[in-house]
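One structure below.
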């Protein structure tokens, strides 16, 4: 099986642990076909000016691509956040990128719902906030992600059930996902209508939650309405997690009916057989 990991963070992300070169060495050791380094557009690591870290990652990835060209396809992109409106053009679009991921981590949403609590992220707020309030945040999260799916200049919509990794994974609150299917279905339709790709993010499998994001049921909902463009992303923040559980993810996708995965070069989508 060819392995294309389209979502990896280097130490150019504020929370990344491994250098671009170390990521490449590990990918080669694991027999991976291609990787895409997609560092967070925001926030910037300490000491970096606006988007300087993305530009640095692009240069390092291009150096690595030449260094390892006979062993590994090294691609580079960025992970766009939801701090700005979906149609806002951030400066990193002028860099030489292969892929732009569309994500909602929803810090603006937390500021809206939890200003008096001082919560910083969904992991913290979902530990103790009333579950009905957490549900409101999830619904708003999906509205923000839908705007990215329909209107943002991105190639992939990432970790669709990101919020549940923390609500039900870390904090074991037991929030049911089915009530959010109308919002999720709207995003799936947006991905299809705009010819984007939907990511199967395997980072949940590296945690106690042990879930793909999204799960097989949601992926089948996408497949049943015509969704076929899929990428696999480990969302690895350290080299050891590159391509984690990809064989299991591919098997799940094939059972649903998917036959090909996608990856991007110079913002153009290519396919490979799962």
Residue exposure sequence - 225, 177, 37, 3 - by fewest surrounding Cβ within 10 Å: 225, 177, 3, 37
Normalised contact order of the range 4-273, rounded percent, pairs of Cα under 8 Å and 6 or more residues apart: 20 percent
Relative compactness, the range 118-205, computed as alpha-carbon Rg over 2.2 N^0.38 Å: 1.11
Highest-fluctuation residue, 163, 252, 48 considered, GNM on the chain with Cα pairs under 10 Å: 48
Expected 222 nm ellipticity per residue - DSSP helices of 4 or more, -39500 (n - 2.57), all of the chain, to 500: -10500 deg cm²/dmol
Rg(Cα)/(2.2 N^0.38 Å) for the range 4-273, N = residue count: 0.95
Dimensions (Å) - the range 146-266, Cα atoms, principal axes, largest first: 34, 33, 29
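Values quoted throughout were computed directly from the atomic coordinates according to the rules given, and no laboratory measurement underlies them. The shown structure was predicted, so the numbers you read here are calculated from the model rather than taken from an experiment. No Cβ is skipped: glycine too gets one built from the backbone with ideal geometry, and neighbour counts run over all protein chains shown.
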